[in-house]
Amino acid sequence: MHRSNGNTAEIELLYRQHGSALLLFAIAITGERSRAQDVVHHVFLNLIEKGGLGRATDKKAYLFASVRNAALNEGKLRGRTVPLDCDSAWFDPPDRDFMGEQNLRRALCALPDDQREVIVLHIWGELTFSQISELLSISSNTAASRYRYALAKLRDSTFAKENSCANT
């Protein structure tokens, strides 16, 4: 049963504000855009059915936690893992640099799962390391370290790519 009250407007606003970042995060977990879309939509449908976020104090962090849990549960139900498709569309910048976007996706795919998860949560999800630590059940220092390691790997990957292009 769907409740149509003032909470629906709030949920719609949250979807418009965070939907893209939540989808990117779900893609990072599921490895497949269509599965990720299903997960995000399922989370928001549940919120509408329940009438809102209840007493959640940090709504954005709550949404990311809900998407993470739903994606992990969906993966368990499937009983198998699907490799991350590095050529799936992660985001659509206004002036697309297709080559840069493809290089970024490949570099993100090359990161270990735990580092990719922190990068996506911090950059696209705009979560703090404290929020990430609660979401992933790790310390804030571990979240920050994973972020630093991931940035270094992305930097090295980008630098190596630029040098190989310059030498040709």
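In table form, for the structure just shown:
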quantity: First in segment 143-158 and at positive phi and not assigned by TED's automatic domain parsing to the domain that holds LEU104, second anywhere and assigned to a helix (DSSP H, G or I) and at pLDDT 95 or above, Cβ under 8 Å, 6 or more apart; calculated: none
quantity: Residue that is modelled with the highest pLDDT [pool: residues in segment 85-139 that are small (Gly, Ala, Ser) and crowded, with 20+ Cβ neighbours inside 10 Å]; calculated: GLY125
quantity: Close pairs from segment 1-27: first closer than 19 Å to ASP38 by Cβ, partner modelled with pLDDT under 85, Cβ under 7 Å, at least 6 apart; calculated: ILE11/GLY52; SER20/PHE91; LEU24/TRP90; LEU24/PHE91; ILE27/SER88; ILE27/TRP90
quantity: Qualifying residue in segment 36-59 (condition: of a type in the set (Gly, Ala, Ser), modelled with pLDDT of 90 or more and not assigned by TED's automatic domain parsing to the domain that holds TRP124); calculated: yes
quantity: Segment 57-83 residues that are in a helix (DSSP H, G or I), paired with ones that are at pLDDT below 65 (beta carbon under 8 Å, 6 or more apart); calculated: GLY75/THR81
quantity: Test: residue in segment 145-153 that is within 23 Å of HIS18 (Cα to Cα), in a helix (DSSP H, G or I) and at pLDDT below 90; calculated: no
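The values are calculated or read from the model by the stated rules, or taken from the named source; none is laboratory data. All figures in this text were calculated on a predicted structure; none of them were measured in a lab. When we count neighbours, we look across all protein chains shown, and the Cβ atoms used for this are built from the backbone with ideal geometry, even at glycine.
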